[in-house]
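Have a look at the structure below, then the notes.
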Amino acid sequence: MRLWPLARVLAVLAALAAGPAALPAPALPSNEKLQGRFALRSPAFAPGGTIPRVYTCDGGDRIVPLRWTAPPRGTRSFALLVDDPDAPSGSFVHRLAWGIPAAARSLPGRAPREGTNGAGRLGWTGPCPPSGVHRYVFTLYALRAPLPLAAGADRAAFARALRGRVLATARLVGRYGR
């Protein structure tokens, strides 16, 4: 019998208590196999905390710096998705990035390859909720093989490319409201 870590159980219970709006967006297809304690953090905010204004459309729209722990053995590359599952029209993509070297343990700015975000631009577009407080989910994928994507790919192409390549994921959630 496999037991869930306490943090995961608490997160599921909190999401259920908050109702359907708090449930996460559907996961991208993958055959992820969680190994070890692969974790994603930012020096800009605590997990579940408020994303500082300088990283939003109301501030400097700077790229949120990220750091992570050692990935599972066999990691050959990393990819990143940042989305807002609370957006009025469904999940809004704030960033798609890939080609991040396996030896990297941080991403302070641009990645080798950037995709098209929900605003139709390459790279990062900061939080800019029309109303209320939104969640921004940063998902880092440890990959067994680099993604065969050209710069500018969209979320659908990104999701297809992930299939069969994901060894593990690490997530960080930040919040921002206006």
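Condition first: under 20 Å from Gly90 (Cβ atoms) and in contact with a Phe, Trp or Tyr (Cβ under 9 Å, 6 or more places away or on another chain). Now tell me which residues in region 136-152 satisfy that.
Of everything in region 136-152, just one residue is under 20 Å from Gly90 (Cβ atoms) and in contact with a Phe, Trp or Tyr (Cβ under 9 Å, 6 or more places away or on another chain), namely Tyr136.
Could you tell me which residue of region 69-79 is farthest from Tyr136 (Cα to Cα), considering only residues that are surrounded by fewer than 22 Cβ atoms within 10 Å (Cβ to Cβ), in contact with a strand residue (DSSP E or B) (Cβ under 7 Å, 6 or more places away or on another chain) and not hydroxyl-bearing (Ser, Thr, Tyr)?
This residue is Gly74.
Here is a yes/no grid of residues against (1) touching a Leu at 6+ places or on another chain (Cβ under 7 Å); (2) touching a residue at least 24 places away in the same chain (Cβ under 8 Å); (3) acidic (Asp, Glu):
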residue	(1), (2), (3)
Phe92	no, yes, no
Leu96	yes, yes, no
Pro101	no, yes, no
Pro108	no, yes, no
Pro112	no, no, no
Pro129	no, yes, no
Phe138	yes, yes, no
Leu167	yes, yes, no
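Evaluate the following for Ala156: is it at pLDDT below 95 and among the small types (Gly, Ala, Ser)?
Values: at pLDDT below 95: no; among the small types (Gly, Ala, Ser): yes.
Criteria not met by Ala156.
Evaluate region 82-96: report whether one residue or more is over 21 Å from Ala156 (Cβ atoms), in contact with a strand residue (DSSP E or B) (Cβ under 9 Å, 6 or more places away or on another chain) and not hydrophobic (A, V, I, L, M, F, W, C).
no
Return the residue satisfying two criteria in turn: it lies in region 25-45 and is under 25 Å from Gly177 (Cα atoms), under 15 Å from the mean Cα position of the chain (by Cα) and exposed (fewer than 14 other Cβ atoms within 10 Å of the Cβ), and of such residues it is modelled with the lowest pLDDT.
For region 25-45, the residue satisfying everything is Pro26.
What number of residues within region 115-136 are in a loop (DSSP other than H, G, I, E, B) and either under 16 Å from the mean Cα position of the chain (by Cα) or crowded, with 16+ Cβ neighbours inside 10 Å (or both)?
Of the residues in region 115-136, 10 are in a loop (DSSP other than H, G, I, E, B) and either under 16 Å from the mean Cα position of the chain (by Cα) or crowded, with 16+ Cβ neighbours inside 10 Å (or both).
Looking at this structure, is Thr139 within 20 Å of Pro71 (Cα to Cα), surrounded by 17 or more Cβ atoms within 10 Å (Cβ to Cβ) and among the polar types (S, T, N, Q)?
yes
Working only within region 84-102, note down all residues that are farther than 20 Å from Ala150 by Cα, touching a Lys or Arg at 6+ places or on another chain (Cβ under 9 Å) and either hydrophobic (A, V, I, L, M, F, W, C) or in a strand (DSSP E or B) (or both).
Residue satisfying the conditions is Asp84 alone.
The values are calculated or read from the model by the stated rules, or taken from the named source; none is laboratory data. Please read these numbers as outputs of a predicted model, since none were measured by experiment. No Cβ is skipped: glycine too gets one built from the backbone with ideal geometry, and neighbour counts run over all protein chains shown.
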